[in-house]
1. Where Lys and Arg each count +1 and Asp and Glu each count -1, what net charge lies around I77 among other residues with Cβ under 12 Å from its Cβ?
2. Ranking R126, R14 by Cβ neighbours within 10 Å, fewest first, what do you get?
3. Measure out, as a whole number of angstrom, how far apart the alpha-carbon centroids of the range 3-20 and the range 36-57 sit.
4. Suppose we keep just the alpha-carbon trace of the range 3-140; what are its Rg and Dmax in angstrom?
5. Based only on other Cβ atoms within 10 Å, what is the fewest-to-most ordering of D31, D83?
6. Looking at the chain as a GNM with Cα springs under 10 Å, which of V121, V90, V73 has the largest mean-square fluctuation?
7. Once you compute Rg and the Kirkwood Rh from C-alpha atoms, what is the Rg to Rh ratio for the range 34-86?
8. Taking a spot 7 Å from the Cα of E89 along the direction of its beta carbon, which residues of the range 44-81 have an amide N less than 14 Å from it?
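What follows is calculated from the coordinates using simple rules that are stated; it is not laboratory data. If you're wondering where the values come from, they're calculated on a predicted model, not measured in any experiment. Quick reminder, even Gly has a Cβ in these numbers, built from the backbone with ideal geometry, and neighbours come from all protein chains shown.
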Amino acid sequence: MLTLEASNFIPAERHRVFEYVTAFCLNGEIDLSAMEQRYGRLLNREGNTFNFLEPIGGGIHWRCVFDPPRQRVMQAIDSTWSDRIDSFEVADGGTLWKITWQLKTRGLARFTQWLAFQLRVRRQIRANMIQPVISHFRGSG
């Protein structure tokens, strides 16, 4: 399976980075409005597995499995959207946050996604997803 990856060091403890990135609280209390804002309308929940419907296009059904504070897996159900895995590893003085996308497309569409990621999307991800998290933790000490 072809994957695309982006990672960066975040200057904060792993549990804090996990909670900030995923909106999943490690203390077991779930802020449903924060989670629905991040993922879409909650369809159902079973333990640490949540099913959301994100209002993109005709709607994307996501199955989100949280394994705090180590990882979040977002599976796009019945869709060619890529699955996403966020992993959080303890690193010297902070956290290594790695985002992996598992491509579901085939042939030319897969190659086009890979090429766009290499040429343009990787920079956008760093600017729009990763850098705001780094800035948040640098600003909060």
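1. On the way: positive: R63, K104; negative: E54, D78, D83.
My count for the surroundings of I77 gives -1.
2. R126, R14
3. 22 Å
4. Here Rg and the maximum Cα pair distance are 15.3, 45 Å.
5. With the sparsest Cβ surroundings first, the list reads D31, D83.
6. Highest fluctuation among the options: V121.
7. Using Cα coordinates only, the ratio equals 0.94.
8. Counting only backbone N, you get 70-71.
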